[in-house]
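Take a look at the structure set out below.
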Amino acid sequence: MKISRKPEWLNKKIDFRAHQEMSVMLKGFKLNTICSEAACPNISECFSCGRATFLIMGTKCTRECSFCNVSKEKPGELDKEEPANVAEAVKKLGLAHVVITSPTRDDLCDYGAGHFAYTVKAVREVSPETRVELLVPDFRGDLKSLETVAEVKPDIFGHNLETVSRLYHIRKGADYQLSLKLLKNASEMGMLTKSGIMAGLGEKEDEVAELMDDLREAGVDYFSIGQYLQPSRNHYDVAEFVRPEIFDRYKTLAIEKGFKHVESAPYVRSSYMAEEYK
């Protein structure tokens, strides 16, 4: 049954006036954020505090996930100035921790790994004390692309499973086992790894517990889980609004399973409060 009415614990409002200054600054650097492109409900809170998750390599994705608000059109060419622009924005904002992500770029020979690496290097040149977290697509499981990222030693390597194995039909072009393998390989290369999922897509609690086990077996260090919110009527329907006490239960379970840091609440997103992951 389709659910549309939000419960009382999902009442966060977006105040565009609160983050106008950040929006103007980002436009000046010709930069995009996943905060804007994914219609994140936390955007006012983060932008008003000078935090943003940078979306590099454009705003168009080569995959067609039915839950995601990022545009599904033919991507353009990479902006060679973008790594330096991200770095300057990080410096201007004085970020102690920055998250950098991208749409899936299956059209690129290295799936965008090189551009990620250039961006990490650029940030470290102008702001060496900033912790750099990457949230990457699956690189089609390409080991060489993963090695390109590993060579620049991001402080955290993130790749989201997004949902349980049974529901992977909503991730068109993705593969649950391939994503686990990517995370396992990243962990074996010495990187701290992180993954996140959405709740309310129709998953069952025992499936979430099994997913946690899969992530721990892959060596994943950090875990996040938050409520899926339908970006528009054209996107995948919300199956359930998960109650806050269930998120509390997930957090307790994840900590018991050995994750170093866990964020679990309705408004949690993979890059939300990212500086708290130690």
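The values are calculated or read from the model by the stated rules, or taken from the named source; none is laboratory data. Keep in mind that what you see is a predicted model, and the values were worked out from it rather than measured. Positions of Cβ are generated from backbone atoms using ideal geometry, with glycine treated the same way; all protein chains shown enter the neighbour counts.
So the values come out like this:
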{"read-out": "Hits in region 232-262 - residues which are free of Cβ contacts under 8 Å to residues at least 40 places away in the same chain and of a type in the set (Asp, Glu)", "value": "Glu245, Asp248, Glu256"}
{"read-out": "Residues satisfying the stated conditions in region 182-212, i.e. within 14 Å of Lys257 (Cα to Cα), touching a residue at least 40 places away in the same chain (Cβ under 8 Å) and over 20 Å from the mean Cα position of the chain (by Cα)", "value": "Ala209, Glu210"}
{"read-out": "Region 19-57, subset among the hydrophobic types (A, V, I, L, M, F, W, C) and in contact with a strand residue (DSSP E or B) (Cβ under 7 Å, 6 or more places away or on another chain), residue surrounded by the fewest Cβ atoms within 10 Å (Cβ to Cβ)", "value": "Leu31"}
{"read-out": "Selection status of Gly112, surrounded by 24 or more Cβ atoms within 10 Å (Cβ to Cβ), in contact (Cβ under 8 Å) with a residue 60 or more places away in the chain and among the small types (Gly, Ala, Ser)", "value": "no"}
{"read-out": "Residue within region 131-138 that is surrounded by fewer than 20 Cβ atoms within 10 Å (Cβ to Cβ) and either in contact (Cβ under 8 Å) with a residue 40 or more places away in the chain or part of a helix (DSSP H, G or I) (or both) present", "value": "yes"}
{"read-out": "Positions within region 215-231 being without any contact (Cβ under 8 Å) to a residue 40 or more places away in the chain and under 17 Å from Tyr168 (Cβ atoms), in sequence order", "value": "Ala218"}
{"read-out": "Given (1) touching a Cys at 6+ places or on another chain (Cβ under 6 Å); (2) at pLDDT 95 or above, index of the condition Thr104 fails", "value": "(2)"}
{"read-out": "Some residue of region 75-83 being closer than 30 Å to Asp237 by Cβ, surrounded by fewer than 22 Cβ atoms within 10 Å (Cβ to Cβ) and not charged (D, E, K, R)", "value": "yes"}
{"read-out": "Verdict on Lys153 being touching a Ser or Thr at 6+ places or on another chain (Cβ under 7 Å), in contact (Cβ under 8 Å) with a residue 12 or more places away in the chain and either at positive phi or assigned to a helix (DSSP H, G or I) (or both)", "value": "no"}
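One line per residue, one yes/no per condition, for (1) touching a Ser or Thr at 6+ places or on another chain (Cβ under 8 Å); (2) acidic (Asp, Glu):
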| position | (1), (2) |
| --- | --- |
| Ile170 | yes, no |
| Ala186 | yes, no |
| Gly190 | no, no |
| Gly196 | yes, no |
| Glu207 | yes, yes |
| Glu217 | no, yes |
| Gln227 | no, no |
| Gln230 | no, no |
| Leu253 | no, no |
